[in-house]
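Participant: Below: one structure in structure tokens.
The values are calculated or read from the model by the stated rules, or taken from the named source; none is laboratory data. All of these numbers come straight from a predicted model, not from anything done at the bench. Glycine gets a Cβ as well: all are built from the backbone with ideal geometry, and neighbour counts include every protein chain shown.
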Amino acid sequence: MNSKEFKDHIGRVIVSEEEIKTKIKELAKSIDAEYDGKPLLLVSILKGAFVFLADLLKEISIPCEIDFMSAKSYFESTESSGNVQIEMDLKKDISDYNVIIVEDIVDTGRTLAEIVALLKARNPKSLKVVTLLDKPERRVVEFNADVSLFTIPDYFVIGYGLDFGELYRNLPYIAEFNR
Ligand code: 5GP
């Protein structure tokens, strides 16, 4: 694919780079205030959330560690749970940590509902979920993140870590994908 074909699929900007930066700074400040003096572990779900994690991490000024998981979902349209396969698990025992799951987008809610249940069973000191984007119209299971930075309509979006066919993760903003 050349750059012309690449650009043809980049639609309207849904969330700009500046808007993302501003919200991440606010979120980092509230994390600094809430977790100072507490062992903090940020858990990112690969691959989509790695850009958000990196930018959030740089704005946090208290001690914190990071770890990664990756998950694959296998769902038929009628199923609501039980089909998330963990492809890569955390390296750490989380029982001594206050854990924040850092996610790119909550869509049907199924992936996070399962990951939260899985991590809760490991008895972290506390567990919260922050997501960059939230598409509440698409929800299939009841799931709400503790913090969602932007609520968006039911568009398929790309950029800032989010892909279409593994491409477009490098855009510094969130855009609608033009088919
Ligand atoms: P859920 O289990 O909430 O349906 O799925 C969440 C995952 O689906 C996200 O982590 C993301 O990888 C993918 N996803 C959901 N909506 C979009 C979207 O609009 N764009 C992209 N690129 N991925 C999405």
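Participant: Would you pick out the residues in the stretch 160-179 that are over 20 Å from LEU53 (Cβ atoms) and in a loop (DSSP other than H, G, I, E, B)?
Facilitator: Once the filter is applied, which keeps residues that are over 20 Å from LEU53 (Cβ atoms) and in a loop (DSSP other than H, G, I, E, B), the stretch 160-179 yields GLY165, ASN178, ARG179.
Participant: Restricting attention to the stretch 143-158, which residues are touching a residue at least 40 places away in the same chain (Cβ under 8 Å) and not aromatic (Phe, Trp, Tyr)?
Facilitator: Scanning the stretch 143-158 gives ALA145, VAL147, SER148, LEU149, ILE152, VAL157, ILE158.
Participant: Looking at ILE86, ILE66, can you tell me which residue is within 16 Å of the ligand (Cβ to nearest atom) and more than 25 Å from ILE152 (Cβ to Cβ)? Walk me through how you get there before you give the answer.
Facilitator: Working: ILE66 fails: within 16 Å of the ligand (Cβ to nearest atom).
The conditions single out ILE86.
Participant: Considering only residues that are under 22 Å from GLU26 (Cα atoms) and touching a helix residue (DSSP H, G or I) at 6+ places or on another chain (Cβ under 9 Å), look in the stretch 134-145 and name the one that is farthest from the ligand (Cβ to nearest atom).
Facilitator: Here the residue is ASN144.
Participant: While we're on this one: If I filter the stretch 146-159 down to residues being within 10 Å of the ligand (Cβ to nearest atom) and in a loop (DSSP other than H, G, I, E, B), which single residue comes out as surrounded by the most Cβ atoms within 10 Å (Cβ to Cβ)?
Facilitator: First pass over the stretch 146-159, keeping only residues within 10 Å of the ligand (Cβ to nearest atom): 152, 154-159.
The next check asks that each one be in a loop (DSSP other than H, G, I, E, B); those that pass are 152, 154-156.
Values: ILE152: 18, ASP154: 9, TYR155: 15, PHE156: 13.
Only one residue tops the list, namely ILE152.
Participant: Within the stretch 117-137, work out how many residues are over 30 Å from ASP93 (Cα atoms) and within 16 Å of the chain's Cα centre (by Cα). Before the answer, list the steps.
Facilitator: Looking only at the stretch 117-137, we keep the residues that are over 30 Å from ASP93 (Cα atoms), and these are 135-137.
Narrowing further to those that are within 16 Å of the chain's Cα centre (by Cα): 135-136.
Adding up the residues that qualify gives 2.
Listed here are the residues, each with its yes/no results for (1) touching a Lys or Arg at 6+ places or on another chain (Cβ under 8 Å); (2) surrounded by fewer than 21 Cβ atoms within 10 Å (Cβ to Cβ); (3) modelled with pLDDT of 95 or more; (4) not in a strand (DSSP E or B).
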{"site": "LYS92", "(1), (2), (3), (4)": "no, yes, no, yes"}
{"site": "SER95", "(1), (2), (3), (4)": "yes, yes, yes, yes"}
{"site": "THR111", "(1), (2), (3), (4)": "no, no, no, yes"}
{"site": "LEU127", "(1), (2), (3), (4)": "yes, yes, yes, no"}
{"site": "THR131", "(1), (2), (3), (4)": "no, no, yes, no"}
{"site": "VAL141", "(1), (2), (3), (4)": "yes, yes, no, yes"}
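Participant: Does VAL106 satisfy the condition of being within 9 Å of the ligand (Cβ to nearest atom), surrounded by fewer than 18 Cβ atoms within 10 Å (Cβ to Cβ) and either at pLDDT 95 or above or of a type in the set (A, V, I, L, M) (or both)? Give the steps one after another, and end with the answer.
Facilitator: Working: within 9 Å of the ligand (Cβ to nearest atom): yes; surrounded by fewer than 18 Cβ atoms within 10 Å (Cβ to Cβ): no; either at pLDDT 95 or above or of a type in the set (A, V, I, L, M) (or both): yes.
Against the criterion (within 9 Å of the ligand (Cβ to nearest atom), surrounded by fewer than 18 Cβ atoms within 10 Å (Cβ to Cβ) and either at pLDDT 95 or above or of a type in the set (A, V, I, L, M) (or both)), VAL106 does not qualify.
Participant: Considering each of SER30, SER61 in turn, give the residue that is outside any helix (DSSP H, G or I), at pLDDT 95 or above, away from the ligand (no atom under 16 Å from the Cβ) and surrounded by fewer than 16 Cβ atoms within 10 Å (Cβ to Cβ). Steps first, please.
Facilitator: Numbers: SER30 fails: outside any helix (DSSP H, G or I).
Criteria check complete, one pass: SER61.
Participant: Where residues in the stretch 162-179 are under 15 Å from the mean Cα position of the chain (by Cα) and closer than 21 Å to ARG139 by Cα, which of them is surrounded by the fewest Cβ atoms within 10 Å (Cβ to Cβ)?
Facilitator: Residues of the stretch 162-179 under 15 Å from the mean Cα position of the chain (by Cα): 162-163, 169, 173-174.
So of that shortlist, the ones also closer than 21 Å to ARG139 by Cα come out as 162-163, 174.
Working: LEU162: 23, ASP163: 16, ILE174: 25.
Within the stretch 162-179, the match that is surrounded by the fewest Cβ atoms within 10 Å (Cβ to Cβ) is ASP163.
Participant: Same structure, new question: State yes or no: is PHE6 within 16 Å of the ligand (Cβ to nearest atom), under 15 Å from the mean Cα position of the chain (by Cα) and assigned to a helix (DSSP H, G or I)? Talk me through it step by step, then tell me what you get.
Facilitator: Numbers: within 16 Å of the ligand (Cβ to nearest atom): yes; under 15 Å from the mean Cα position of the chain (by Cα): no; assigned to a helix (DSSP H, G or I): yes.
Answer is no for this residue.
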